[in-house]
Amino acid sequence: MKLEKALHKLEKKKEESLKERKKLKEKYTKKSSKLIEKISKEVEGLEKAKLPKNIDDRVSKIVQSERRAYVETLRKLLEKSNDIDELGRFLPDLSKFHVSHGKYVMLIFEKRIYKINRLLKELSEVYKEYHGQLAKIEEPEAPDIMDILNSIGDTKKAAEELEHEIKVLKEKEATLSERIHEKRGNVELLELEEKIKALRKEISHREIKLTSELSSLKKPLKKARMKSEVVESFLNDTKFALREPQKVKDLISDALSKGYFDKKHERKAKALIAVLENEAKEILQKKAELKTLEERRKEQTKEIESFESELKRVKESIRKKEEDLEKLKKKVKELEKELNESLKRLEKILNTKIEVD
């Protein structure tokens, strides 16, 4: 059976079930109303009944008070029981009603109270019978399959839109990656990178060689206990000589003239005096050249950095959308499981196999 036809059949069964329940409710409401009417008459009779003459005033007052409470409470409960379903809500209170009210009323008006209790018991039996008959009426309730189908359709559509967005972003990712690769593979940029690399290596080598040779003079200078700002600066940082080569050259010359170096260190000191100023100057020139090259590279890599920044944003967007897509796919599976369970229930109700387009 096609789903549309099955749902139509289910609606018809619901309508039939509703009619049966309504008819049953009317039938038993009529029964319960007649009993309530009888109980009300008995309550009215109890209210108007005269007390025996042979009871004393104290007991008379207690009985009248208890009777008034009994009558008022029972009337209120009966007034609330407008139909058989409402009766079910207040039946427990009605069933135990006589237990919670005065013993004197029960003693003085035993026959009337007995009759009321018997009628209350009949009322309880009527409701019990109604409830039993109601349980026999099939209630063909099934989840709204069309709502589930609509949810599946909407979720699948949202997933398809996300898949398209992801596809577009991945195309953009590929384009950006290609551009970055092309820019980084530019001959001029590659040559510039090589020059920078070579220059850095040269500067580092020359600095290490010069500072290493200068460091060997620190020990005799410390031993000589020479005092000046230049001495302190040089002893604390050998590279001070690169920044102030003339001052360090003068310092070494002064130490030489005062005989602070042994023969080994004297040779080194003389050699350094000869080259220090020129070597330090060349190193500084090389550093300036390196800075110029790095600035040129920075200009050329600005566009690459822009592409890389955009690529990062695209990748993050893809990641988030793929997470959302997984959630939607999971939701579709859950809805499809719910649909299958609902179809099984509907097939059981209608006792037929159902086809979903």
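The values are calculated or read from the model by the stated rules, or taken from the named source; none is laboratory data. What you are looking at is a predicted structure, and each value in this text was computed from that prediction instead of being measured. Cβ placement follows ideal geometry from the backbone for every residue including glycine, while neighbour counts extend to all protein chains displayed.
Which residues, taken from the range 7-66, are surrounded by 14 or more Cβ atoms within 10 Å (Cβ to Cβ) and within 52 Å of the chain's Cα centre (by Cα)?
Result: Leu7, Lys9, Leu10, Lys13, Lys14, Ser17, Glu20, Arg21, Leu24, Lys25, Tyr28, Thr29.
Please indicate, with yes or no, whether at least one residue in the range 88-110 is touching a residue at least 60 places away in the same chain (Cβ under 8 Å), surrounded by 12 or more Cβ atoms within 10 Å (Cβ to Cβ) and not acidic (Asp, Glu).
Here is the first cut: in the range 88-110, the ones touching a residue at least 60 places away in the same chain (Cβ under 8 Å) are 109.
Among the residues that remain, those that are also surrounded by 12 or more Cβ atoms within 10 Å (Cβ to Cβ) are: 109.
In the following step, the residues that additionally are not acidic (Asp, Glu) were identified as 109.
Yes, the range 88-110 contains a residue that is touching a residue at least 60 places away in the same chain (Cβ under 8 Å), surrounded by 12 or more Cβ atoms within 10 Å (Cβ to Cβ) and not acidic (Asp, Glu).
Being of a type in the set (Lys, Arg) and more than 30 Å from Ile349 (Cβ to Cβ) is the requirement here; does Lys12 meet it?
Details: of a type in the set (Lys, Arg): yes; more than 30 Å from Ile349 (Cβ to Cβ): no.
No, not satisfied.
Given the options Lys227, Lys197, name the one that is in a loop (DSSP other than H, G, I, E, B), assigned by TED's automatic domain parsing to the domain that holds Arg296 and of a type outside the set (A, V, I, L, M, F, W, C).
Details: Lys197 fails: in a loop (DSSP other than H, G, I, E, B).
The unique qualifying residue is Lys227.
For Arg296, work out the one condition from (1) more than 30 Å from Glu188 (Cβ to Cβ); (2) modelled with pLDDT under 85 it doesn't fulfil.
Checking Arg296 against (1) more than 30 Å from Glu188 (Cβ to Cβ); (2) modelled with pLDDT under 85, the one that fails is (1).
Could you run through the range 331-346 and say how many residues are farther than 11 Å from Ile152 by Cα and modelled with pLDDT of 75 or more?
As a first pass, look at the range 331-346 and keep what is farther than 11 Å from Ile152 by Cα: 340-346.
Those left that are additionally modelled with pLDDT of 75 or more: 340-345.
Of the residues in the range 331-346, 6 are farther than 11 Å from Ile152 by Cα and modelled with pLDDT of 75 or more.
Looking only at residues in the range 276-316 that are surrounded by 15 or more Cβ atoms within 10 Å (Cβ to Cβ) and among the β-branched types (Val, Ile, Thr), which one is nearest to Ala198 (Cα to Cα)?
Ile283
Considering Lys157, Lys128, which residue is among the basic types (Lys, Arg), closer than 30 Å to Leu24 by Cβ and free of Cβ contacts under 8 Å to residues at least 12 places away in the same chain?
It is Lys128.
Only one residue in Ile166, Ile137, Ile180 is of a type in the set (Val, Ile, Thr) and not assigned by TED's automatic domain parsing to the domain that holds Lys329. Which one?
Values: Ile166 fails: not assigned by TED's automatic domain parsing to the domain that holds Lys329; Ile180 fails: not assigned by TED's automatic domain parsing to the domain that holds Lys329.
Selected residue: Ile137, the only one of Ile166, Ile137, Ile180 that is of a type in the set (Val, Ile, Thr) and not assigned by TED's automatic domain parsing to the domain that holds Lys329.
Taking the residues in the range 235-294 that are in a helix (DSSP H, G or I) and of a type in the set (S, T, N, Q) as candidates, determine which candidate is nearest to Lys219 (Cα to Cα).
Start the filter on the range 235-294 by keeping residues that are in a helix (DSSP H, G or I), which leaves 235-236, 240-243, 245-257, 263-294.
Checking which are of a type in the set (S, T, N, Q) leaves us with 236, 246, 253, 257, 278, 285, 292.
Details: Asn236: 12, Gln246: 20, Ser253: 16, Ser257: 17, Asn278: 24, Gln285: 30, Thr292: 38 Å.
That would be Asn236.
Just give me the residues in the range 129-139 being assigned to a helix (DSSP H, G or I) and either surrounded by 12 or more Cβ atoms within 10 Å (Cβ to Cβ) or of a type in the set (A, V, I, L, M) (or both), in sequence order.
Filtering the range 129-139 down to residues assigned to a helix (DSSP H, G or I) leaves 129-136.
Of everything in the range 129-139, those that are assigned to a helix (DSSP H, G or I) and either surrounded by 12 or more Cβ atoms within 10 Å (Cβ to Cβ) or of a type in the set (A, V, I, L, M) (or both) turn out to be Glu129, Tyr130, His131, Gln133, Leu134, Ala135.
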